[in-house]
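Comments concern the structure below.
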Amino acid sequence: MSATARQNLNDQFTNPIRLSLMASLAGVDEIDFKSLKEVLDISDSALSKHSTALEEAGYVRIRKGYVGKRPRTWLSTSEEGRAAFTEHVAALRELTAGI
């Protein structure tokens, strides 16, 4: 384990919900709010809070629109978010490789 790996951990992803959110978004181009909420098994308010924090950090894009007359929200990762998450996962792998 190196100190560099520990330094490469991203504080935005140390929260389990945010880590799970980024992992879920990593596998898709875009996902609607309701589907992501069901995948993560969290409340609307928890998903809203954490996705907004990641959006403010520049890691998640939130797009609002309509399907018919119903409002919808879609989430995706930004390029910066994908790069930061990839680096975080690599640091976790390096930290756990010696265990």
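Since every read-out is calculated from the coordinates, none of them should be taken as a lab result. All values derive from a computational prediction rather than experimental measurement. So basically every Cβ, Gly included, is an ideal-geometry build from the backbone, and we count neighbours across all protein chains shown.
Quick look at the values:
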| quantity | calculated |
| --- | --- |
| Contour minus Cα-Cα distance for Ala23 and Glu94 (0.36 nm per residue) | 23.8 nm |
| Cβ-placed point charges (K, R +1; D, E -1), dipole of segment 3-97 about Cα centre in debye, nearest 20 | 380 debye |
| 5 angstrom amide H check on Arg61, placed H, neighbours 5+ away | Ser76, Thr77, Ser78 |
| Filtered trypsin sites (Lys or Arg not before Pro), segment 36-99: DSSP coil and at most 13 other beta carbons within 10 Å | Lys69 |
| Over the chain: helical MRE at 222 nm, DSSP H runs n ≥ 4 each giving -39500 (n - 2.57), nearest 500 | -17000 deg cm²/dmol |
| Loop-located GluC sites (Glu not before Pro) in segment 1-62 whose Cβ has at most 16 other Cβ within 10 Å (DSSP) | Glu30 |
| Axial C-alpha extent at least 24 Å, average Kyte-Doolittle at least -1.0 - helices from the chain (DSSP) | 79-97 |
